[in-house]
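This report concerns only the one structure given below.
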Amino acid sequence: MHHSALHTPSRIQLTPAGELRHFISIEGLSAGLLNHILDTAEGFLGKEGSILNAPLLEGRTVMNLFFEPSTRTRTTFEVAAKRLSANVLNIDMQQSSTKKGETLRDTLWNLEAMAADMFVIRHSASGAAHFMASEVCPNVAIINGGDGRHSHPTQGMLDMLTIRRHAHKAFADLSVAIIGDIKHSRVARSDIEALQTLGVRDIRVIAPRTLLPTGIEEFGVTVHENMDKGVEGCDVLIALRIQNERIGSPLLASSEEFYKLYGLTEARVERAAPNALVMHPGPMNRGVEIASSVADGPQSLILKQVNYGIAVRMAVLSLCMQGQLSQRGVTL
Ligand code: CP
């Protein structure tokens, strides 16, 4: 989805040969490249949720820089890097010198001097990962672990892997609903970009007007303010987290009201296609955007999403490393 002030040129994340060298945003990437990421991730999945080891990053150093809280993204990046035999450092940004006023650029350059090969960054500022990619030295990769409202590309890709593995239709024939706080959601943006690139024609966003970005219809999605109608016949239902700070604000009267109008309940799942996939990026507010019986029910893929996140992050780490090296004429 275009995001005018934050437009991220896809070129910065590709080598001249079109390989991935940073992973900042899904915007502008080809279907071929997205499928290559998904195929690479598939290769790391073993039987019954197991993840394979592949020493593709042996001797490399991955640094996790999380300026915002995270359970899934930070940990699965760490697990992924370890499965690839990398050295992983989780930098505690709460204890770092950014608290004393050091700039993001200086933090980056100092950590770069410690021989980092890749940084995974989560930051509240939209554009932070792109800024780092434009500042970093040529043999270092930047991977976006979520920047402001802009982008969460590895979440987008793990959502696509979940859909590709579990849906019984091709992407072009799917109806997908994204429900809740679209306006503030980097996951919604990345999912919409990935779904469109992979050929999904029926993308519905279901939310009250106050939680929709202006001009959303221009991006080829249909808007539903009535959830019962919006979920009808959908193959995939993606519920998003309501950010607690919105509750009680003019955007969202109360969590009870939201649940009544937009909560993903069993009754609403029944209005969707039979065996529709139920997804949520986490963290969940049970009883606000999703009923516990649905989150823990037979159609829920929420924990599978977390598991596939490891394989997707292994794919992105190894492909970015490969892109960096091949640009310099070295093979992985
Ligand atoms: N889905 C997601 O990004 O979760 P975390 O904030 O826990 O990383």
Report task. Select from region 67-116 the residues that are more than 16 Å from the ligand (Cβ to nearest atom), in contact (Cβ under 8 Å) with a residue 40 or more places away in the chain and open to solvent by less than 70 Å² (accessible area, probe 1.4 Å) and list them in ascending order. Result -> Leu84, Ala86, Thr107, Leu111, Ala115, Ala116
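Within region 111-184, considering only strands (runs of 3 or more DSSP E) that don't extend past its boundaries, which have at least 3 residues that are within 19 Å of Leu319 (Cβ to Cβ)?
Working: elements: 118-123, 141-147, 175-179.
Strands (runs of 3 or more DSSP E) meeting the threshold: 118-123, 141-147.
Could you list all residues from region 223-251 that are more than 21 Å from His152 (Cβ to Cβ), hydrophobic (A, V, I, L, M, F, W, C) and in a loop (DSSP other than H, G, I, E, B)?
The first filter runs over region 223-251 and keeps only residues more than 21 Å from His152 (Cβ to Cβ), leaving 223-235, 247-250.
Okay, now just the ones that are also hydrophobic (A, V, I, L, M, F, W, C), so 223, 227, 231, 234, 247.
Those that are more than 21 Å from His152 (Cβ to Cβ), hydrophobic (A, V, I, L, M, F, W, C) and in a loop (DSSP other than H, G, I, E, B): Val231, Cys234.
Does Ala41 satisfy being away from the ligand (no atom under 16 Å from the Cβ), among the small types (Gly, Ala, Ser) and within 18 Å of Pro153 (Cβ to Cβ)?
Numbers: away from the ligand (no atom under 16 Å from the Cβ): yes; among the small types (Gly, Ala, Ser): yes; within 18 Å of Pro153 (Cβ to Cβ): yes.
Answer is yes for this residue.
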Report task. Quick one: which residue in Val306, Val294, Val269, Val278 is open to solvent by 20 Å² or more (accessible area, probe 1.4 Å), among the hydrophobic types (A, V, I, L, M, F, W, C) and on the phi < 0 side of the Ramachandran plot? Result -> Val306
**Report entry** Listing of helices (runs of 4 or more DSSP H) fully contained in region 252-319 that carry 3 or more residues being out of contact with any Asp or Glu (no Cβ under 8 Å at 6 or more places or on another chain) and over 30 Å from Ala86 (Cα atoms)
**Finding:** 255-262, 266-271
Report summary line: Expected single match for away from the ligand (no atom under 14 Å from the Cβ) and open to solvent by less than 40 Å² (accessible area, probe 1.4 Å) among Leu264, Leu251, Leu301 is Leu264
Query raised in the report: Is it fair to say Glu289 is in contact with a helix residue (DSSP H, G or I) (Cβ under 8 Å, 6 or more places away or on another chain), closer than 30 Å to Lys169 by Cβ, modelled with pLDDT of 95 or more and more than 15 Å from the ligand (Cβ to nearest atom)?
Result: no
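Of the residues in region 213-240, how many are at pLDDT below 95 and surrounded by 15 or more Cβ atoms within 10 Å (Cβ to Cβ)? I'd like the intermediate steps shown before the answer.
Initial filter on region 213-240 (at pLDDT below 95): 213-220.
Of the ones still in play, those that are also surrounded by 15 or more Cβ atoms within 10 Å (Cβ to Cβ) are 213, 216, 219.
Qualifying residue count, region 213-240: 3.
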Query raised in the report: Here are some conditions: (1) touching a Ser or Thr at 6+ places or on another chain (Cβ under 6 Å); (2) touching a residue at least 60 places away in the same chain (Cβ under 8 Å). Glu266 meets all but one. Which one does it not meet?
Result: (2)
Report task. Determine, yes or no, whether Ile216 is closer than 26 Å to Met157 by Cβ and in contact with a Phe, Trp or Tyr (Cβ under 8 Å, 6 or more places away or on another chain). Result -> no
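The values are calculated or read from the model by the stated rules, or taken from the named source; none is laboratory data. Treat the numbers as computed from the prediction; the structure is a model and nothing was measured. Don't worry about glycine lacking a Cβ; one is built from the backbone with ideal geometry, like all the others, and counts go over all protein chains shown. Protein only, heavy atoms only, side chains kept; ligands, DNA and RNA dropped before computing areas. Shrake-Rupley method; radii C 1.70, N 1.55, O 1.52, S 1.80 Å.
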